[in-house]
Amino acid sequence: MKSTAPHTKPAWLLLSSLFVTGCVTTGTTPSPVVGDGNVQYGDAKAVEAVTNEFGSTDLQMIAEDMTRSLLQSRVITESKSRPLITIAEVKNKTSEYIDTRSITDSIRTQLGKSGAVRFAVDIPEMQNQTDELNRQSQSGLYKKNTSKKIGRMEGADYRLEGNIASIVKKSSSLKDVYYKFTLNLINIESGVLEWSDEKEIRKTSKR
Amino acid sequence: MKSATSHMKYALLCLALLFAGFSHAAESIASKIETLGELKNISVTSLKVRKQSGLLNIQAEFDNSSVENQPLFYRFKWLDASGFSVWGEEPWKPKTLYGKQKAFINAIAPTPSATDFRIELQTSGNKTPMNASDKDATSIPGHP
């Protein structure tokens with residue numbers, strides 16, 4: 001009886017260590033997620049139908065429709081060189097807060113990615129542009145052959161501007177919102193409206 | 001008698017070619033459509049493609065066989081000749097097909113490098129892979 005004890009002890013130790021190793025291995029299954037699972041990432045391209053206020057799907061659909069339409073316009077397809085465009089204001093004429101700059105940013109990004117047009121610095125970016133030019137040309141800190149000269153900025157051929165309007169109707173059981181986004185491309189030198197398109201969206205919800 | 005037999009043969013040949021044409025068209029439509037689950041009541045009846053100003057133009061005709069309105073969600077994937085994606089993911093777009101309506105969905109490729117495409121489709125009545133565990137689930141794309 002006495003002789004068996006020294007043999008069983010290492011065997012138990014070995015078994016228990018294997019058990020612990022197994023538990024540790026299964027308990028720490030590699031996962032790149034930190035957190036207790038309350039937060040989930042969703043699809044940024046999903047149809048957002050949480051409320052009938054202006055949402056991400058509206059912004060994405062407007063930007064996509066306007067970009068594709070503009071890419072088929074004569075101004076771009078018949079131009080010998082890539083036209084230089086600047087973004088002007090898109091007025092928000094609805095009763096709700098809409099970041100119209102976000103819409104024009106998306107349009108500019110998609111048009112830029114298509115490679116069909118170039119963009120000149122627009123009004124909100126002008127301060128940064130002149131600051132940088134002045135810093136390079138007037139501070140005396142830069143090599144002469146690398147500092148950018150004043151007076152060589154390119155003027156845009158066209159400006160993009162537009163507006164977003166809405167009509168809201170409510171009954172005891174329904175709320176209906178109609179959005180209309182209009183975008184215009186204007187020849188800066190001649191003042192001629194060269195291209196225009198609109199996107200309509202209707203959203204209805206039960207109250 | 002001989003001429004009647006040859007006429008019969010010619011007619012059969014024409015019919016065979018006609019059916020082959022139909023089946024080829026159906027096959028080519030099916031090769032461009034990617035449905036998330038089985039589409040109920042909605043079918044793609046024609047698909048037209050042309051190139052205008054260097055950009056691919058697509059026109060797909062959808063047919064709602066039901067008398068009920070059918071919400072549909074769709075988006076395009078743009079590919080180059082080698083099958084590589086040449087544009088980021090498009091947003092899902094909603095479209096309502098009225099009862100028994102045939103409607104067109106048009107799209108213009110975002111870049112001249114897009115030479116091929118796929119249409120992703122989902123209807124809210126789909127039994128989608130996203131909700132495979134829930135047999136009667138209805139869903140909006142991205143909202144499981």
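The values are calculated or read from the model by the stated rules, or taken from the named source; none is laboratory data. A quick note: this is a predicted structure, and the numbers were derived from the prediction, not measured. No Cβ is skipped: glycine too gets one built from the backbone with ideal geometry, and neighbour counts run over all protein chains shown.
Does the stretch A:82-107 hold any residues that are assigned to a helix (DSSP H, G or I) and either touching a residue at least 40 places away in the same chain (Cβ under 8 Å) or in contact with a helix residue (DSSP H, G or I) (Cβ under 7 Å, 6 or more places away or on another chain) (or both), and which are they?
A:T100, A:S102, A:I103, A:T104, A:S106, A:I107
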Considering each residue of the stretch A:182-207, count those that are farther than 18 Å from A:V47 by Cβ and part of a strand (DSSP E or B), and give that number.
-> 12
In the stretch A:109-152, residue farthest from B:T111 (Cα to Cα) [restricted to those that are surrounded by 13 or more Cβ atoms within 10 Å (Cβ to Cβ) and touching a Leu at 6+ places or on another chain (Cβ under 8 Å)] = A:R135
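Taking the stretch B:61-85 only, how many residues are under 28 Å from A:E78 (Cβ atoms) and in a strand (DSSP E or B)?
Within the stretch B:61-85, residues that are under 28 Å from A:E78 (Cβ atoms) and in a strand (DSSP E or B) number 3.
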Selection count where residues are surrounded by fewer than 17 Cβ atoms within 10 Å (Cβ to Cβ), of a type in the set (G, A, S) and away from chain A (no Cβ under 14 Å), scope the stretch B:53-85 | 5
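Would you mind finding the one in B:F117, B:F104 that is modelled with pLDDT of 95 or more, outside any loop (DSSP other than H, G, I, E, B), within 20 Å of the chain's Cα centre (by Cα) and within 14 Å of chain A (Cβ to nearest Cβ)?
On inspection, the qualifying residue turns out to be B:F117.
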Part of a strand (DSSP E or B) and surrounded by fewer than 11 Cβ atoms within 10 Å (Cβ to Cβ), is that true of A:K175?
-> no
Can you pull out the residues in the stretch A:51-66 that are in contact (Cβ under 8 Å) with a residue 24 or more places away in the chain, farther than 13 Å from A:D105 by Cβ and either within 11 Å of chain B (Cβ to nearest Cβ) or assigned to a helix (DSSP H, G or I) (or both)?
-> A:D58, A:M61, A:E64, A:D65
From the residues in the stretch A:108-132 that are assigned to a helix (DSSP H, G or I) and more than 19 Å from the chain's Cα centre (by Cα), which one is farthest from B:T115 (Cα to Cα)?
-> A:D131
Restricted to the stretch A:67-81, and to residues that are more than 7 Å from chain B (Cβ to nearest Cβ) and without any contact (Cβ under 8 Å) to a residue 12 or more places away in the chain, which residue is surrounded by the most Cβ atoms within 10 Å (Cβ to Cβ)?
-> A:S79
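Is it the case, given these coordinates, that A:D43 is of a type in the set (D, E), over 12 Å from A:L160 (Cα atoms), within 18 Å of the chain's Cα centre (by Cα) and within 14 Å of chain B (Cβ to nearest Cβ)? Before you say what the answer is, go through the steps one by one.
On the way: of a type in the set (D, E): yes; over 12 Å from A:L160 (Cα atoms): yes; within 18 Å of the chain's Cα centre (by Cα): yes; within 14 Å of chain B (Cβ to nearest Cβ): yes.
Answer is yes for this residue.
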